[in-house]
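Visitor: Once you've had a glance at the structure underneath, I'll fire off some questions.
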Amino acid sequence: MRRPRRNRKSEAIRSLVQEHEVTVNDLVFPLFIMEGKNVRSEVASMPRIYRFSPDTLLQEIEICMKLGIKAFALFPNIADSKKDKFATESYNEKGLYLETIRSIKSKFPEACLITDVAMDPYSSEGHDGIVQDGKILNDETLEVLGKMALAQAEAGADIVGPSDMMDGRVGYLRDVLDAEGFSEVSIMSYTAKYASAFYGPFRDALNSAPKSGDKKTYQMDPANQAEALIEAELDFSEGADFLMVKPALAYLDVIKLLYDNFEVPIAAYNVSGEYAMVKAAAEKGWIDGEKAMVESLTSIKRAGAKIILSYFAKEFAILKS
Ligand code: PBG
């Protein structure tokens, strides 16, 4: 009789047959930046995740680097007074985001910084594109994204991460970056980004929720899988270095689909709502949060994501240290 349980009979054998293991090398830690000095402001819906002022952010990055985390995805919390219809603050060289990137890069040149290319944190409408008569304009938005990505590259971004789901953005950004001498700056495209309820805590953190309507005319319908292949083919042919699926846990099939069909590394974003659910249940004593964290990250890797953006990155690194 074939008895699969023989391969599970001891810890030693289980570790021999273990197929996938997450390491700190796989993880990217998303960090929120806000104005101020000496501030660490906890996000209410994300226990132990903070918005950092530039000075405390540098301290946090130093701690994370000592734990072995080498890559960070940065997101700015912009004051309402600086937001406008065209997200002009996004390419203000003296603005919070670009200044902070410059200072991180001068202190920690070896850190890999992934910047966010999208209008929503800077948009008075809370949308990822220019809004006109209730519609999100595509090609006009690309011009803003181009200026933003270029400014980020100039500030020292290693990888730019277009997270807006406008059509043609990867090719547009690649052309702008190449034309301006930034052919070494990589593009991690949010390829299959779904119109998801799991982004709620992130929008709280950045105060970036749409003022009207929703994001369904640009982000994907959670019901669709084949459409992710169209997005992936476009991003790949336009020159993306990484293809990302977002969220992660409810979309493991999409991660696997892209992994099976494309040779570039697949990334997955274990988003704010996925983090919040584990934390909330663990706080109530309903699940073991640490085990749920490791199981979630392992599932994402098993599905085919080599790179995992996760708010658990630091906690995982502490666990493994
Ligand atoms: C927007 C953006 C979002 C996230 C990253 N970039 C939210 C949205 O589309 O509204 C979500 C990340 C998370 O929930 O952790 N450009």
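The values are calculated or read from the model by the stated rules, or taken from the named source; none is laboratory data. A quick note: this is a predicted structure, and the numbers were derived from the prediction, not measured. Using ideal geometry, Cβ is built from the backbone for each residue, glycine included, and neighbour counts are taken over all protein chains shown. To get the accessible areas, we keep the full protein, side chains included, count just its heavy atoms, and leave off ligands, DNA and RNA. Shrake-Rupley method; radii C 1.70, N 1.55, O 1.52, S 1.80 Å.
Visitor: Heavy atoms only, probe 1.4 Å: what % of the accessible area of the chain goes to carbon and sulfur, would you let me know?
Guide: That fraction is 51 percent.
Visitor: Find how much the distance from Asp204 to Arg102 grows on full extension, using 0.36 nm per residue of separation minus their present alpha carbon separation; answer in nm with one decimal. Intermediate results must be reported in sequence, preceding the final value.
Guide: Working: separation 102, 0.36 × 102 = 36.72 nm, distance 2.59 nm.
That pair, Asp204 and Arg102, stretches by 34.1 nm at full extension.
Visitor: Each label point is 7 Å from the Cα along the Cα-to-Cβ direction; what then is the distance between the points at Ala195 and Asp260, in nm?
Guide: 2.7 nm
Visitor: Let me ask something else about it. For Glu184 and Lys216, FRET efficiency with R0 = 30 Å and r from the beta-carbon atoms, rounded to 0.05? Please report the intermediate quantities before stating the final value.
Guide: Details: r = 36 Å, r/R0 = 1.19.
E(calc), rounded to 0.05, equals 0.25.
Visitor: Check cross-link reach from Lys256 to the lysines: straight Cα distance under 19 Å, and skip same-chain residues fewer than eight apart.
Guide: Lys193, Lys246, Lys301, Lys306
Visitor: Given a Förster radius of 45 Å and the C-beta distance between Ile287 and Asp139 as r, what FRET efficiency does 1/(1 + (r/R0)^6) yield to the nearest 0.05? Can you show the working numbers first?
Guide: Details: r = 46 Å, r/R0 = 1.02.
Efficiency computed from Cβ-Cβ geometry: 0.45.
Visitor: With +1 assigned to the C-beta of every Lys and Arg and -1 to the C-beta of every Asp and Glu, and no other charges, what is the dipole magnitude of the chain about the Cα centre in debye, to the nearest 20?
Guide: Values: 39 positive and 49 negative charges, 382 e Å.
Dipole about the Cα centre, nearest 20: 1840 debye.
Visitor: Just to confirm a number: summing +1 for Lys and Arg and -1 for Asp and Glu over residues other than Thr88 whose beta-carbon lies under 15 angstrom from that of Thr88, what do you get?
Guide: Values: positive: Lys82, Lys83, Lys85, Lys94, Lys147; negative: Asp80, Asp84, Glu89, Glu93, Asp120, Glu125, Glu140, Glu143.
Result for the neighbourhood of Thr88: -3.
Visitor: Select from Ala305, Ala71, Ala111 the residue whose mean-square fluctuation is largest in a Gaussian network model of the chain (Cα-Cα springs shorter than 10 Å).
Guide: Result: Ala111 has the largest fluctuation of those listed.
Visitor: Follow-up question, since we're still on this one. Just the Kirkwood number for the chain, please: inverse of mean 1/r across all distinct Cα pairs, in Å, one decimal. Intermediate values should be presented prior to the final figure.
Guide: Details: mean 1/r = 0.0497 Å⁻¹.
Hydrodynamic radius (Kirkwood, Cα only) of the chain equals 20.1 Å.
Visitor: Putting +1 on Lys and Arg Cβ atoms and -1 on Asp and Glu Cβ atoms, find which of Ser103, Asn138, Phe236 reaches farthest to the positive end of the dipole of region 17-320.
Guide: Ser103
Visitor: Right, here's the next one. From Cα pairs below 8 angstrom and at least 6 apart in sequence, can you work out the relative contact order of region 101-155, rounded to a whole percent? Can you show the working numbers first?
Guide: Working: 34 pairs, mean separation 16.6, N = 55.
Relative contact order for region 101-155 comes out at 30 percent.
Visitor: Additional query: Can you figure out the FRET efficiency of Ser81 with Glu11, using R₀ = 51 Å and their beta-carbon distance, to the nearest 0.05?
Guide: Numbers: r = 57 Å, r/R0 = 1.12.
The pair Ser81/Glu11 has a calculated efficiency of 0.35.
Visitor: By its C-alpha gyration tensor, with a ≥ b ≥ c as the square roots of the eigenvalues, how is region 167-237 shaped: rounded for a/c under 1.5, else prolate for a/b larger than b/c, else oblate? Don't skip to the answer; put the middle values down first.
Guide: Details: a/c = 2.58, a/b = 1.46, b/c = 1.77.
The shape class here is oblate.
Visitor: If we sort 135-143, 279-287 on the protection proxy, mean other Cβ atoms within 10 Å, highest first, what's the order?
Guide: Numbers: 135-143: 17.0, 279-287: 13.3.
Top of the packing list down: 135-143, 279-287.
Visitor: While we're looking at this one, here's another question. State the extension gain, in nm to one decimal, for the chain segment bounded by Met1 and Lys306, taking 0.36 nm per residue of separation less the distance between their alpha-carbons.
Guide: Numbers: separation 305, 0.36 × 305 = 109.80 nm, distance 3.65 nm.
Gain on extension, Met1 to Lys306, equals 106.2 nm.
Visitor: Treating the angle as unsigned and between 0 and 90°, give the value, to the nearest 10°, between the Cα long axis of helix 226-237 and the longest Cα principal axis of the chain.
Guide: Value to nearest ten degrees: 60.
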